[in-house]
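*Asks:* I am attaching a structure below and will ask some questions about it afterwards.
Just so you know, all these numbers are worked out from the coordinates, no wet-lab data involved. Note that the structure is predicted; figures quoted are calculated from it, not measured. Glycine gets a Cβ as well: all are built from the backbone with ideal geometry, and neighbour counts include every protein chain shown.
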Amino acid sequence: MSANAYRLATGGEIDRAQAIAFRFNGAEFSGFAGDTLASALLANGVHLVGRSFKYHRPRGITGAGFEETGGIVQLAGAEDAPNVLATRLALTPGLEANSVNCWPSPRFDLGAAAQLAQRLLPAGFYYKTFMWPGWKLFEPSIRKAAGLGRAPTRAEGHDGYETRFGHCDVLVVGAGPAGLMAALAAGRSGARVMLVDDGLVPGGRLCADARRLDGKPAQAWIDATLADLASLANVRVFQDASVWGYLEHNYLAMVERRPDAPGLRQRSWKLRVAQVVTAAGAFERPIPFVDSDRPGVMLASAARSYVNRHAVMPGRTALVFTNNDGAYDSAADLARAGIGVTLVDARRETPPSALARIQGLGIELITGSVVRAALGRSRIHGVVVAPRDGGGPERIVSCDLVCTSGGWNPAMHLASQSRESRAIWDTARATFVPAPRSARFHIAGAARGTFDLAGCLREGAEAGAAAARAAGFEAMAPAAPTVDAEAGAGIEMLWFVPAAKRGQKVFVDLVNDVTIDDLALAQREGYEHIEHVKRYTTAGMGIDQGKTVNVTVIGAVAAMRGLKPDAVGTTTFRQPYVPVEFGAIAGHRMGDRLLPMRRTKLTAWHVAHGAVLFEAGLRWQRPGYYAQAGEGIVDATIREARAVREKAGMYDGSPLGKFLLKGPDAAKLLDLLYINDWSNLKPGRGRYGIMLNEDGLFLDDGVTLRLNEDEYLLHSATGAADRVYAHIEEMLQVHCPHLRVVVVPITSQWANVTVCGPLSRDVVLKVGTDIDVSRAALPFMAMAEGKIAGLPARVMRVSWTGEMSFEINTPSRHAVELWERIFAAGREFGIAPVGSEANHVLRVEAGYISSGHEVDGPVDVHDLGLGWMVSKTKADFIGKRSMAIRRAGNPIRRELVGLLPEDPQRVVPEGAPITPGGQRIDSEGFVSACVRSVALNRVIALGLLTNGRARIGETAYVKLPDAVVPMRIVAPVFHDADRARVKG
Amino acid sequence: MRYEFDISAIAPRAIVKLRGDPDAATRCLACAGLRAPLRANSIASHAGGDDVLWLGPRRWLVMAPNAREDELAGKLENAALREPMLAALRVSDMWAGFDLRGRGAPDVLAQATPLDLDATRFAHDAATFTDMFAVTALLRRAGNGFEIWCDRSLAQHITENLRVAAGQPDKS
């Protein structure tokens, strides 16, 4: 076949001087600048583009834009991407694309064997077939057979994507006649305007339909209008960009393709706008008939686009099948391009205005008839035409192109998603049209159901001006240009042509391979509601998202049920309305930068000294352990824990939550927040407290210090800081506004270097301090301020290791110096930096509880053996009543116990269930922590066990997938039970 | 680099946080020779480089040259001792600051914050907390550019994201 055999000699918006070579399925072709992949393939006589999703039927190009249902390709090479519409892909040098859903080729596809099994694959087949011996047996091969493309493997990564926010006063969606007028009207008012158009070029259908405005070709008016807009600094125009989602409060999602920025493939916008004007146009809908999915069948408007815009003949002999006046203009343009045209109109009568449009063009008109079936497989070679009422003979008409036109569907996706408009049925236009009901949402042109050009221009101008005024600007609708004549809008409902014989397929949704029979099956099986029909059959899902399918499905269901379409109702158009690459949505927030990991001032030191960082709550990164040469996590943890038990350790406690409470009612607030008493705490002393939520469940625990008469320093667990802060603020702002307290979070102001272990006091003295750190002067739970290592410090005698500890807080700027000075001073005492893993071992030995381990959702303080802390004197505290009610309702609780495995070296996973006798039945508890104890030189564990405290001395059984581990139930403190070492 | 953009760390500044009763805050600031801004989310600038930022109904930040930390914080802390419902705390160590310059700075920032940074909406004296790459940060105008102040623990997260947003290679 000669190159571009179907190219017209003149016309079109292509540059014949710029030939472009490209490859499709490995074969070389050429097109011109201004082509799309679809137009270039058609120019080369290629109609068979791929195979269908489910049955692997041959499919060709059906549209000329986002309404495409057959021309779906996989890009290859550097541009590797799936689900690309050939109709939306500008032809560029070196472009390489392949068919989808076929192997080895679209012409000979082994997957087409699926057509032999069609009877096994009706709508919803996965709910009722392939059930024996099990769906999972078949699922992998069914999933492999389905789908459109494959995920790209290009190495570009996410550098090529960007997500950003955007703002404007007026967002105009669509740069067709209505959108351009709207942007002009709003732009001239001074409002900040964004004009977003998803076409490869602006103008909507103006050039595709070869219209004339003010007596000149439409392109001249488009160019002049764009020049006008370009002169306005307050207007930004985005071409080849789609507004694909409309969320609450005028928050919209947009994707910008090929943005003018180096290295950027796509840019995703999150728009917050004051006013929206949608002028997104309309989609022509097909008229399904038997085998109307064959290559060579396309929308009449698409064929007209190819002729006028790309100077391509989609076929040499065309049959136009319609039920409306508009198709007469399409037929006329095809005929003018030299294509032989037969026009089949399902209506018995054709309005004179429509007839006038084809007069003298040699078009044969057949009225009152329908196309019953297409002939051909990989490319049609004719159709069967028959009287619509069934009477009279059938006739075979030879043709290599069938253009269908069943009317137009306004592009209602934004209107539907906005929830600021409802869809109403319009019998005269045989479609649903949007009825906006919001002062910030405007619809103009074909998107509103106005299909004549003059009306589109007028509505656009008015909507743009109205939007600008609503945004607070003075605006007037500019005068619209005059337009040439066009066919009328007459239409007669025809949703599909039913099959004459059993077994013939009438495809209503080409993307998902849904047939009229599938819709009927859904009805028979009780899925009558249109939302159920959609989900059961998948009609309108996927790439199409209802552009060409939805109204046809609604009409077909209405016809089956003998209802009017408005009685059937509409479905909601989902986002994204057009295919959007995941990369565009994700942007560059990936990898190490996805989550906001937090670092202390000491993090770099830790890493430089071999620390392996773990997340310690609220994204704080803390050393898990410091690996020395040849050490793994177990050895390092044991070494560090042993250093603390026998000599000294130091750790970075900076992430611990810190809040200053100031005010005359601070003690009252603490009394409300915590289960224990605070009013009697003396300045300079601290107390451990437990905070419950309103359900009486554990919220947080920590030490609070009284700094002076009305100032307290509250510490929360690292991971609980945010929820504790929110809890306190809620109390102060909502429930107890009478309390005179100010709360200020100050976590990052202070670095915390904690020195712990029997030699910790020696280390502190060695490094030098003007604070008396003796037991008498600074006992357990006391604090003092002064200098350590010459640096300002606040020292607290608090311990979470079961050893004497000095928590040294200093303003963060001094963190590294303080740490290094202590590390150097501690060397002679065998000090070791300690990670969270060793801390975990030490606190389990000491029997201290930990959030996420012993403390999970349903635990209260009595369960943890801390009921003694509950104040006997306070009238109330948050959670008191809930806790009492719950315990009164069911006194049998899971209680904290210690566990010792019979095999002293047997470690069980934390979280492992405990079941009666180790049987495979409901659990009676779980292991909350299990460590290799350095104090006992064996494995120890903590757990929550039903009636646990009463069962001390008995044996519990941990049920693992492959074993049952007996464990002796003991008290949950393994080390320093009298806290003598802690108080040392 | 995709955008004309430069980011640099700001040398430490004296920062004092005031939290509590607005009248008490006004009195406290006056003791240090400072006045509170009259509009929410704006800055009252003073001679000598002292700025008072009004960031919430009961929340202010005083930013000043680092050399004045002890003097300024001392005055404010002392004044706050007389105000039972006002806390004045030096928080200079909590914050990390970054200076953003270049014609592309608004485009880079638009990838970080949902704020409308148009000069008509975010004026020359504007300052506000905002979401920035999923964390909270303080954004203020500074001459032709912007300043970002964030909890220092999150500084690397924000600066790395800004760097990549500007078009520098992703190292992650």
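*Asks:* Longer than 28 Å from Cα to Cα, which of A:LYS270/A:LYS658; A:LYS601/A:LYS766; A:LYS682/A:LYS880 are they? Say none if no pair is.
*Replies:* As for pairs spanning more than 28 Å Cα to Cα, those are A:LYS270/A:LYS658.
*Asks:* Next up: How large is the charge dipole for chain B, taken about the Cα centre, if only the Cβ atoms of Lys, Arg (+1) and Asp, Glu (-1) carry charge, to the nearest 20 debye?
*Replies:* Computed about the Cα centre, the dipole is about 220 debye.
*Asks:* Using Cα positions and a limit of under 14 Å, work out the aspartates and glutamates in reach of A:LYS216, with same-chain residues fewer than 8 apart set aside.
*Replies:* Correct list for A:LYS216: A:ASP484.
*Asks:* Hey, another quick one. With each run of n ≥ 4 DSSP H residues scored as -39500 (n - 2.57), what mean residue ellipticity at 222 nm is computed for chain A after dividing by its residue count and rounding to the nearest 500 deg cm²/dmol?
*Replies:* For chain A, the value works out to -6500 deg cm²/dmol.
*Asks:* Moving on to the next point. Over chain B, what is the mean sequence separation of C-alpha contacts under 8 Å (at least six apart), divided by residue count, expressed as relative contact order in percent?
*Replies:* With pairs under 8 Å counted, the relative contact order is 28 percent.
*Asks:* Under a straight-distance cross-link criterion of Cα-Cα below 12 Å, which aspartates and glutamates are reachable from A:LYS505, leaving out those fewer than 8 residues away in the same chain?
*Replies:* By straight Cα distance, A:LYS505 reaches A:ASP291, A:ASP293, A:ASP513, A:ASP517, A:ASP518.
*Asks:* While we're on this one: Report the FRET efficiency, 1/(1 + (r/R0)^6), for A:THR367 and A:ALA261, where r is their Cβ-Cβ distance and R0 is 45 Å, rounded to 0.05.
*Replies:* Given R0 = 45 Å and the Cβ-Cβ separation, E is 0.25.
*Asks:* Calculate the mean, over all residues of peptide B:107-118, of how many other protein chain Cβ atoms lie within 10 angstrom of the residue's Cβ.
*Replies:* Mean inter-chain Cβ contacts per residue within 10 Å come to 4.
*Asks:* Considering only B:ASP151, B:ASP118, B:ASP21, give the residue with the highest GNM mean-square fluctuation for chain B, with springs between Cα atoms whenever their separation is below 10 Å.
*Replies:* Among B:ASP151, B:ASP118, B:ASP21, the largest mean-square fluctuation in the Gaussian network model of chain B belongs to B:ASP118.
*Asks:* Could I have the simple spin-label model distance between A:ASN693 and A:ARG920, label points 7 Å from Cα toward Cβ, reported in nm to one decimal?
*Replies:* It is 3.5 nm.
*Asks:* Right, next: Filter the GluC sites (Glu not before Pro) in segment A:497-606 down to the DSSP loop ones having no more than 16 other Cβ atoms within 10 Å, then list what survives.
*Replies:* Qualifying residues, ordered by number: A:GLU525, A:GLU528.
*Asks:* For a quick check of your reading of the filter: which chymotrypsin sites (Phe, Trp or Tyr not before Pro) in segment A:681-789 sit in a DSSP loop and have no more than 12 other Cβ atoms within 10 Å?
*Replies:* Qualifying residues, ordered by number: none.
*Asks:* Among all stretches of chain B without exposed trypsin sites (Lys or Arg not before Pro) (DSSP loop, at most 14 other Cβ atoms within 10 Å), which one is longest?
*Replies:* Counting at most 14 other Cβ atoms within 10 Å as exposed, the longest clean stretch of chain B is B:122-170.
*Asks:* Which of rounded, prolate, oblate describes segment A:293-397, given a ≥ b ≥ c as roots of the alpha-carbon gyration tensor eigenvalues and a/c under 1.5 marking rounded, otherwise prolate only if a/b is larger than b/c?
*Replies:* oblate
*Asks:* May I ask you to compute the full-extension gain from A:SER882 to A:GLU248, defined as 0.36 nm times their residue separation minus their alpha-carbon distance, rounded to one decimal in nm?
*Replies:* Difference between extended and current length: 224.5 nm.
*Asks:* Leaving out same-chain residues fewer than 8 places away, which lysines sit with a Cα under 24 Å from that of A:LYS564?
*Replies:* A:LYS534, A:LYS547
*Asks:* How big is the dipole moment of the protein assembly as shown about its Cα centre under a simple scheme where the beta carbon of each Lys and Arg is +1, that of each Asp and Glu is -1, and everything else is neutral? Debye, nearest 20, please.
*Replies:* 1120
*Asks:* For segment A:799-935, just say rounded, prolate or oblate: build the C-alpha gyration tensor, square-root its eigenvalues into a ≥ b ≥ c, call rounded for a/c under 1.5, and beyond that prolate if a/b exceeds b/c, oblate if not.
*Replies:* Verdict is oblate for segment A:799-935.
*Asks:* Could you point to the residue in A:ALA567, A:TRP425, A:VAL607 farthest towards the positive end of the protein assembly as shown's charge dipole, with +1 and -1 charges on the Cβ of Lys/Arg and Asp/Glu respectively?
*Replies:* Farthest towards the positive end: A:ALA567.
*Asks:* Just going by the charge dipole of segment A:472-550, with Lys and Arg at +1 and Asp and Glu at -1 on Cβ, which of A:LEU519, A:GLN545, A:ILE530 is farthest out on the positive end?
*Replies:* Working it through, the farthest residue towards the positive pole turns out to be A:LEU519.
*Asks:* Which loop-located trypsin sites (Lys or Arg not before Pro) does segment A:422-506 contain, where loop means any DSSP state but H, G, I, E or B and the Cβ has at most 15 other Cβ atoms within 10 Å?
*Replies:* Those that pass, being in a loop and sparsely packed, are A:ARG437, A:LYS501, A:ARG502.
*Asks:* Taking Cα centroids, how far is segment A:751-812 from segment A:386-439 in Å?
*Replies:* Their Cα centres are 80 Å away from one another.
*Asks:* Further question: Mind telling me which of B:LEU138, B:LEU38, B:LEU117 comes out most flexible in a GNM of chain B, alpha-carbon contacts under 10 Å?
*Replies:* B:LEU38
*Asks:* GNM, chain B, Cα, under 10 Å: largest mean-square fluctuation among B:SER42, B:SER92, B:SER153?
*Replies:* B:SER153
*Asks:* Distance from the Cα centre of segment A:197-268 to that of segment A:707-736, in angstrom?
*Replies:* Going from one Cα centre to the other spans 52 Å.
*Asks:* For segment A:667-792, with the dipole built from +1 on Lys and Arg beta-carbon atoms and -1 on Asp and Glu ones, taken about the Cα centre, which of A:PRO737, A:ASN676, A:HIS727 lies farthest toward the positive end?
*Replies:* A:ASN676
*Asks:* What number, rounded to the nearest 500 deg cm²/dmol, is the helix-based mean residue ellipticity at 222 nm of chain B, given -39500 (n - 2.57) per DSSP H run of at least four residues and division by all its residues?
*Replies:* So the calculated ellipticity at 222 nm is -6500 deg cm²/dmol.
*Asks:* Here's a follow-up. Rounded, prolate or oblate: which fits the protein assembly as shown, taking a ≥ b ≥ c as square roots of the Cα gyration tensor eigenvalues, rounded meaning a/c under 1.5, else prolate when a/b beats b/c?
*Replies:* Because a/c hits 1.5 or more and a/b exceeds b/c, the protein assembly as shown counts as prolate.
*Asks:* Calculate the dipole size of segment A:11-102 relative to its Cα centre from +1 charges on Lys and Arg beta carbons and -1 charges on Asp and Glu beta carbons; express the result in debye to the nearest 20.
*Replies:* With Lys and Arg at +1 and Asp and Glu at -1, about 420 debye.
*Asks:* While we're looking at this one, here's another question. Would you work out the relative contact order for chain A, in percent, from Cα pairs under 8 angstrom that are 6 or more residues apart?
*Replies:* Computed over chain A, the figure is 9 percent.
*Asks:* On to the next question. With the contact rule set at Cα under 8 Å and sequence spacing of 6 or more, what percent relative contact order holds for segment A:1-75?
*Replies:* 24 percent.
*Asks:* Could you state the number of Å between the C-alpha centres of segment A:96-111 and segment A:543-569?
*Replies:* Comparing the Cα centres of segment A:543-569 and segment A:96-111, I get a distance of 32 Å.
*Asks:* Å³ per residue of the Cα convex hull, for segment A:39-140?
*Replies:* Cα convex hull per residue, to the nearest whole number: 131 Å³.
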